[in-house]
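Here's the structure, in structure tokens; my notes come after.
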Amino acid sequence: MRSDGKTRAPFTLKAAAGLGLAFMHLPIALIFVYAFTTEDKSYQWPPPGFTLKWLEVTWNRPDVWDALKLSLQTATISTLIAMVLGTLCAAAVSRTKFFGRETISLLVILPIALPGIITGIALRSAFSIADIPFSIWTIILGHATFCVVVVYNNAVARFRRTSGSLVEASMDLGANSFQTFRHVILPNIGTALLAGGMLAFALSFDEVIVTTFTAGQQSTLPIWMLEELVRPRQRPVTNVVAMVVVLVTILPILAAYYLTRDGDQVAGSGK
Amino acid sequence: MKQAILITSHHHPFKTSATRHFPCISEVRPYAGGLQTTGFSMTTAVSFSKVSRHFGTVRAVDDVDLSIAEGEFFAMLGPSGSGKTTCLRLIAGFEQPTAGHIEIFGTKVENVPPYRRNVNTVFQDYALFPHMNIIDNVAYGLMIQGMGKTERHAAANEALELVALPGYGDRRPGQLSGGQRQRVALARALVNKPKVLLLDEPLGALDLKLREQMQEELKTLQRKLGITFVFVTHDQGEALSMADRVAVFNDGKIQQIGSPQDIYQRPQSRFVADFVGSSNVLEPAFVKQLTGTESYASLRPEAIRIGQPDGHSATVIGSSYLGGTTRVGLALGDMRINALIPADQAVPENGTTVQINWQADELHLMGGKP
């Protein structure tokens with residue numbers, strides 16, 4: 001961040017840092033490059049030629065659209081569920097004291113700490129015991145378990161930084177619960193909710209493991225890609241889709257990053 | 001709710017821009033020293049009858065009876081955890097009594113939520129809304145009532161003038177100093193024309209100089225507006241200098257209630273004597289020798305005169321310079337007492353024996369209460 005250069009890093013350190021970053025990001029660039037290759041059977045380097053035809057092919061593949069639609073639906077609905085439940089839970093945990101509060105706080109966070117495969121297996125057996133047929137709703141339920149955590153974590157941090165007497169002050173000045181929520185609580189936790197929601201959306205959008213266990217015949221986009229990779233035909237289509245996924249997920253994450261950064265100033269002046 | 005809004009807006013002088021909301025100085029009614037000398041209307045603003053608030057086994061407020069007259073400046077004084085803030089929150093409606101009844105202007109308020117009580121609070125941490133500028137903070141109550149923007153901003157500006165912060169409307173709470181935020185919190189409460197204003201240690205976060213200035217201003221403001229003020233503090237000086245009447249709290253109970261003079265000069269219990277300005281408490285055996293009555297008695301440190309030709313022998317055990325006065329620690333028999341002497345008077349050496357005495361009427365018997 002500093003540009004005054006008083007503590008100048010040695011060249012070797014800079015080179016190592018650069019190599020590390022390159023190692024992380026060059027493969028992603030490769031995916032982008034292969035989306036435009038003329039060769040569709042194997043990943044040949046360097047690509048023999050470049051073409052835009054895979055964009056058109058992808059556009060005309062109905063299975064891509066089905067997968068994309070399912071992924072967007074799943075991510076949107078599970079994010080909405082997470083925003084409502086996560087906020088309510090955060091409000092309860094940070095605003096009130098009740099028996100078992102710490103336990104609830106832990107149980108809510110647990111799904112993100114557990115390996116996805118455990119959540120997945122657990123949900124799958126629970127669904128079959130309860131005789132719930134697999135559908136988009138079982139996928140959404142699975143995703144909501146970890147989406148709630150993200151929203152909850154963001155909201156609870158913001159609630160803790162906003163002074164509790166704000167709500168009382170609003171009530172004292174004549175506002176009922178609904179007015180207080182609208183005029184005082186929402187403006188104060190809004191950016192945290194938005195950031196949490198976007199992270200939740202991004203998490204849901206590229207989730208594979210839990211989805212594998214909770215989906216029936218449907219394929220979300222990441223599942224579709226996984227299946228597509230084993231087929232030696234029209235491989236660049238997968239790359240085009242991968243490119244879209246990267247773009248779709250990176251935008252909300254960037255936005256969330258900037259929003260939470262600004263949020264420090266918004267909520268920091270609570271007193 | 002609808003009716004409440006109608007009533008408030010009907011009485012709301014901000015509605016008619018021709019008349020000023022707040023009476024100017026010349027309209028201020030003369031101040032009467034305390035309830036005894038009347039000067040307050042006979043209307044009771046707030047009354048507690050046998051009110052308790054228990055949290056589990058903690059008796060935060062325990063069987064409190066209390067009556068606050070309309071227009072009175074009433075202080076609730078006590079150490080932290082004594083129940084004074086809980087009493088305030090009971091009036092505001094943030095707490096519900098576990099037993100007993102609270103009435104505000106004759107209406108039982110057990111099931112009335114905070115937003116339907118014609119009572120406003122100045123919070124200890126001010127609780128200004130960080131996402132709003134000052135003018136919207138002050139106008140918040142009026143906005144909730146449904147008043148139009150121009151009108152409520154005019155009213156808020158007038159309230160800001162009242163607390164000597166004109167032109168601060170566009171700033172954010174974070175840009176103001178503690179004293180300024182305190183004034184904004186006051187304006188935000190007063191703009192609603194509450195019938196009772198509750199102040200929860202509002203001066204606690206201010207430095208000494210500012211605190212003294214605000215004490216003066218609050219007192220002037222209260223007389224000017226004629227609103228009932230209920231003021232919670234742990235600072236006995238603050239309570240004594242501002243209030244018409246003081247209730248001293250300890251362990252959830254009211255220990256004594258009366259005018260500042262009463263509380264200071266005639267403490268009825270050892271706790272009050274100790275807490276309100278560190279009175280000396282004399283042992284029953286000693287008091288019996290003097291008065292013939294076996295009872296604890298209180299004696300103000302400044303009533304003790306040192307170096308008298310006759311009196312009681314006491315040994316000087318220490319002294320500390322306090323600026324205007326010097327506090328001298330004395331051993332009188334088994335008792336340790338303090339005397340306050342003017343700073344220009346010579347301070348006796350430690351270990352010397354001096355003769356001390358006091359006017360007989362300075363000694364106040366505290367009855368059976370130790």
Which residues does a label at B:THR315 reach in region B:251-291, if reach means a backbone N under 18 Å from a point 7 Å past the Cα toward the Cβ? none
So B:LEU290 and B:LYS50, fully extended at 0.36 nm per residue minus their Cα-Cα distance, gain in nm 82.5 nm
Between B:SER80 and A:THR12, what is the label-point separation in nm under the 7 Å Cα-to-beta-carbon projection? 5.5 nm
Taking the alpha-carbon centroid of each part, what is the distance from region A:192-256 to region B:121-137 in angstrom? 44 Å
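If R0 is 35 Å, what FRET efficiency do you get for B:ALA164 and B:ASP344 from their C-beta distance, rounded to 0.05? Please report the intermediate quantities before stating the final value.
On the way: r = 38 Å, r/R0 = 1.08.
Once rounded, the FRET efficiency stands at 0.40.
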Quick one: which residues, 5+ away or cross-chain, put their amide H under 5 Å from the amide H of B:SER319? H built at 1.01 Å from N. B:GLY329
How far, in degrees from 0 to 90, does helix A:101-113 lean away from the longest principal axis of the Cα atoms of chain A, to the nearest 10? 10 degrees
Quick one: if you stick a label point 7 Å off each Cα along the C-beta vector at B:GLN96 and A:PHE23, how many nm between them? 6.3 nm
Taking H placed 1.01 Å from N in the peptide plane, check which residues at least 5 places from B:THR121 or on another chain put their amide H under 5 Å from its amide H. B:LEU198
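What shape does region A:159-234 have by the C-alpha gyration tensor, where a ≥ b ≥ c are the square roots of the eigenvalues, rounded means a/c under 1.5, and otherwise prolate means a/b greater than b/c and oblate the rest? Kindly include the intermediate steps, with their values, before the conclusion.
On the way: a/c = 4.95, a/b = 4.05, b/c = 1.22.
Prolate shape, in that a/c is at least 1.5 and a/b is the bigger ratio.
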Could I have the simple spin-label model distance between A:TRP137 and B:VAL58, label points 7 Å from Cα toward Cβ, reported in nm to one decimal? 4.6 nm
Taking a label point 7 Å from the Cα of A:VAL57 along Cα-to-Cβ, the residues of region A:202-226 whose backbone nitrogen sits under 16 Å from it are A:225
Find the Cα radius of gyration of region A:23-268, compare it with 2.2 N^0.38 Å by division, and give the number to two decimals. 1.21
Rounded to whole Å, give me the distance from the Cα center of region A:117-137 to that of region B:325-347. 82 Å
Using Cα springs under 10 Å in a Gaussian network model of chain A, which residue among A:THR145, A:THR79, A:THR96 shows the largest mean-square fluctuation? A:THR96
Per residue convex hull volume, Cα only, region B:184-248, in Å³ is 85 Å³
Alpha-carbon centroid distance for the pair region B:231-275 / region A:24-80, whole angstrom: 78 Å
What length, rounded to one decimal in nm, is gained on full extension from B:ARG172 through to B:ARG270, with 0.36 nm per residue of separation minus their alpha-carbon distance? 30.6 nm
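Using Cα pairs closer than 8 Å and at least 6 residues apart in sequence, work out the relative contact order for chain B, in percent. Please report the intermediate quantities before stating the final value.
On the way: 738 pairs, mean separation 58.6, N = 370.
Worked out over chain B, it gives 16 percent.
Could you state the orientation-averaged shadow area of the convex hull built on the Cα atoms of the protein assembly as shown, in nm² to one decimal?
For the Cα atoms of the protein assembly as shown, the hull's average projected area reads 44.9 nm².
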Under the Karplus relation 6.51 cos²θ - 1.76 cosθ + 1.60, θ = phi - 60°, what is the ordered set of whole-Hz ³J(HN,Hα) values for region A:119-131, x standing for Gly and Pro? 3, x, 4, 4, 5, 4, 5, 4, 4, 6, 5, 7, 6
Which aspartates and glutamates, on any chain, are close to B:LYS288 with Cα under 17 Å apart, when same-chain ones fewer than 8 places away are left out? B:ASP334, B:ASP361, B:GLU362
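Return the FRET efficiency for the residue pair A:ARG160, A:GLN44: r is the Cβ-Cβ distance, R0 is 60 Å, and the value is rounded to the nearest 0.05. Mind dumping the intermediate values first?
Numbers: r = 54 Å, r/R0 = 0.91.
That gives a FRET efficiency of 0.65.
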Tell me, what HN-Hα J-couplings in whole Hz come from the Karplus equation 6.51 cos²θ - 1.76 cosθ + 1.60 at θ = phi - 60° for each residue of region A:206-220, using x for Gly and Pro? 10, 6, 10, 5, 4, 4, 4, 8, 9, 8, x, 7, 6, 10, 7
Of the listed links B:LYS108/B:LYS219; B:LYS84/B:LYS108; B:LYS84/B:LYS219, those spanning more than 26 angstrom between alpha carbons are B:LYS108/B:LYS219
For B:LYS253, other-chain or 5+-apart residues with amide H closer than 5 Å (H placed, Pro excluded) are B:ASP62
Of A:PRO115, A:PRO222, A:PRO236, which has the largest mean-square fluctuation in a 10 Å C-alpha GNM of chain A? A:PRO115
Over region B:2-270, what is the percentage of antiparallel beta bridges among all DSSP beta bridges, to the nearest 5? 55 percent
Who wins for biggest fluctuation among B:PRO301, B:PRO342, B:PRO260 in a Gaussian network model of chain B, springs between alpha carbons below 10 Å? B:PRO342
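Every read-out reported here was derived from the displayed coordinates using simple, explicitly stated rules and does not represent laboratory data. What you see is a predicted model; the values in this text were computed from it and never measured. Glycine also receives a Cβ, built like all others from the backbone with ideal geometry; neighbour counts cover every protein chain displayed.
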